[in-house]
Amino acid sequence: MSGTSPALQPPADAVRPVRHPDAPAPGELLGAHYGQCFGCGGEQPHGLHLEARAGDGVSVTAEFTVRPAHQGAPGLAHGGVLASALDETLGSLNWLLRTIAVTGRLETDFVRPVPVGTVLYLEAEVTAVAGRKIFSTATGRIGGPEGPVAVRADAMFVEVKVDHFIDNGRPEEIRAAMNDPDQVRRARAFEVNP
């Protein structure tokens, strides 16, 4: 990505990312971490409904279709929606590290317009880890993995404890998630960048 700020450059003592042994297998659909998540949740009528799959190493691929509700200019995706798609894809990488993390910084380059009706194909990978900081990069292409680049992003996520969500989230949603009788859904609600 051009013009990445110094805050997104891993320090000299950063290490290569290591895929957790319990991470989903390459090709496995990651699924939504929380039904109400704007990025991946199926319960959001105007959300992205982004579907991410585990890749090789510490990488993921994802897709979402730009719908009329995602417009900025007539017939084109809103830049904030595209940034959200990149952020959601980058956040999905944390499933492969089995780390709870939130976005600390996200820098996005908008390369070309993305028309409504377009399938945006996204690829992301973790590039380095330094203490609680996770550095990653993503690219969004129009129409498929070989299509023209439309958006790019570099990000730095910060590892947090589950208390981050409990202490800062809206109490009603926190209680509902924590009281969900489905143990898997209850745990997943707090697993990745919401």
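Between the C-alpha center of the range 75-91 and that of the range 104-148 there is a gap of 9 Å. Estimated at the nearest 10 Å², the accessible area of residue 81 is 20 Å² with a 1.4 Å probe.
Against the criterion of solvent-accessible heavy-atom surface with a 1.4 angstrom probe, 28, 43 sort, most first, into 43, 28. Given their separation in residues at 0.36 nm each and the Cα-Cα distance between them, residue 16 and residue 132 gain 40.4 nm when the chain is fully extended. Per-residue surface analysis assigns residue 132 an accessible area of about 140 Å², computed on protein heavy atoms at 1.4 Å probe radius.
Extending 7 Å from Cα along the Cβ direction at residue 146 and again at residue 110 yields two label points whose distance is 2.9 nm.
Largest first, the residues 125, 88 sort by 1.4 Å accessible area into 125, 88. Is the range 1-139 rounded, prolate or oblate when judged by the Cα gyration tensor, a ≥ b ≥ c being the square roots of its eigenvalues, rounded requiring a/c under 1.5 and prolate requiring a/b larger than b/c? Oblate shape, in that a/c is at least 1.5 and b/c is the bigger or equal ratio. A 1.4 Å probe, protein heavy atoms only, puts the accessible area of residue 109 near 30 Å².
The values are calculated or read from the model by the stated rules, or taken from the named source; none is laboratory data. What you see is a predicted model, and the numbers here were worked out from it, not measured in a lab. Quick reminder, even Gly has a Cβ in these numbers, built from the backbone with ideal geometry, and neighbours come from all protein chains shown. When the accessible area is computed, the model is the full protein with side chains, heavy atoms only, and any ligands, DNA or RNA have been set aside. Shrake-Rupley method; radii C 1.70, N 1.55, O 1.52, S 1.80 Å.
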